[in-house]
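Structure, as C-alpha cells:
Every number here is computed from the coordinates shown, using simple stated rules; none is lab data. Since this is a predicted model, take the numbers as computed values, not measurements. Neighbour counts run over all protein chains shown; Cβ positions are idealised from the backbone, glycine included.
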Amino acid sequence: MQDHRASPFRDAKLDRSTASHVPQTPQTQSPAYRLAFADDEFMLRDELRPVRLQLELLKPQLLLDEHQIESTIVLFGGARIPRPADKDTARTKTLAELSHFYDEARAFARLMTRKSLASQGREFVVATGGGPGVMEAGNRGAADEGGKSIGLNIVLPHEQAPNEYVTPDLCFNFHYFAIRKMHFLMRARAICVFPGGFGTLDEMFESLTLIQTGRMERVPFLLFGKSFWDKIINWEALKDAGTISPEDLDLFRFVENAEDAAQIIENWDPAPPRTDIPGR
C-alpha cells in the first residue's frame with residue numbers, strides 16, 4: 001500500500017509494532033525500554049499532565065475537523081430531568097414538572113438538525129454533554145432527523161455511559177473539565193441552557209462570563225424556562241448590588257419553547273466581542 005504521509009520518516013505505528021516483537025531479555029522487558037508514547041505508566045505520571053492536557057485538546061479537534069464540523073449548537077441542562085413518560089419516577093415534584101423540557105430540548109435539536117443537514121452536517125451540529133436528561137434529549141432530537149450530534153462526556157466517580165443517541169464517531173470522553181469546556185465553546189454558534197443543577201450553572205456562568213468580559217464573541221445565549229431561572233437566580237439583586245451592570249442582563253434571552261429559540265438563532269446578527277465592560 002502506498003504511504004500518503006507527508007513525512008519521509010518511518011512512522012510511529014510501525015515502530016511500536018516492531019518494538020513489540022523484539023526478543024525477550026532483561027533489557028527489553030524493563031519499563032525504561034518502552035517507547036515513551038506507548039508507555040501507559042509513563043503517560044500517566046503527574047509530570048506528564050501538560051502533555052495529557054494537550055492531547056485531550058487535540059484529539060477531539062482533529063476528529064471534528066475530519067468530520068468537517070464548523071459550528072455547533074450547544075445544549076446545557078440537567079441530567080436528572082426525566083423523560084415525560086417517566087416523570088412519575090422523578091425524585092422531586094419539581095423535576096417531574098420540568099420533564100416537559102426534555103421534549104422541548106428534543107424538538108429544538110430536531111429544528112437545528114434540519115438546519116444542519118442543509119449544510120451537509122457542517123454547521124449547527126447539536127453538541128451536548130453526552131449524558132442523560134436534557135443531554136439525551138438533544139442527541140435524540142438530532143437522531144430523529146437522521147443527523148449527527150456530538151457528546152462531550154466526562155469521567156465521573158460513579159459509572160456513567162454515554163446516551164445511546166450520540167453519533168458514535170463524535171462521542172468523546174474527557175478527564176479534564178477545563179478542556180471539555182473549551183470544546184463546548186470553540187465552535188459554538190449558540191448556547192442554549194435548560195434547567196439544571198451545579199454542572200449546568202457552572203457551564204452557564206463560565207460561558208456567560210467569557211461573553212461579558214469580551215473573551216468570546218456574542219452568540220445567542222438562550223435560557224429555557226424563565227420561571228425556573230428567576231426562582232433560583234436573583235438577577236435584579238445582582239444588578240442593584242452593582243456586581244453586574246444593567247447591560248449584562250442583555251447578554252441572554254429567556255425562551256419557553258423550541259420554536260422561539262430557533263427563531264432567535266435564525267434572525268441573529270453576528271456581534272463582535274465587547275471592547276469594554278460596562279460599569280467598570
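Observations on the structure shown:
- Among the residues of the stretch 267-279, none qualifies, meaning not one is of a type outside the set (Val, Ile, Thr), part of a helix (DSSP H, G or I) and touching an Asp or Glu at 6+ places or on another chain (Cβ under 9 Å).
- Residue list for the stretch 112-124, restricted to those being without any contact (Cβ under 8 Å) to a residue 60 or more places away in the chain and crowded, with 24+ Cβ neighbours inside 10 Å: THR113, SER116
- Some residue of the stretch 218-236 being of a type in the set (Gly, Ala, Ser), free of Cβ contacts under 8 Å to residues at least 60 places away in the same chain and farther than 29 Å from GLY147 by Cβ: yes
- Just one of the listed residues (PHE184, PHE205) is within 15 Å of the chain's Cα centre (by Cα) and within 30 Å of GLU66 (Cβ to Cβ), and it is PHE184.
- Any hit, the stretch 40-50, residues being surrounded by 13 or more Cβ atoms within 10 Å (Cβ to Cβ) and charged (D, E, K, R): no
- Considering residues of the stretch 210-225 that are touching a Phe, Trp or Tyr at 6+ places or on another chain (Cβ under 8 Å) and not in a loop (DSSP other than H, G, I, E, B) only, the residue surrounded by the most Cβ atoms within 10 Å (Cβ to Cβ): PHE224
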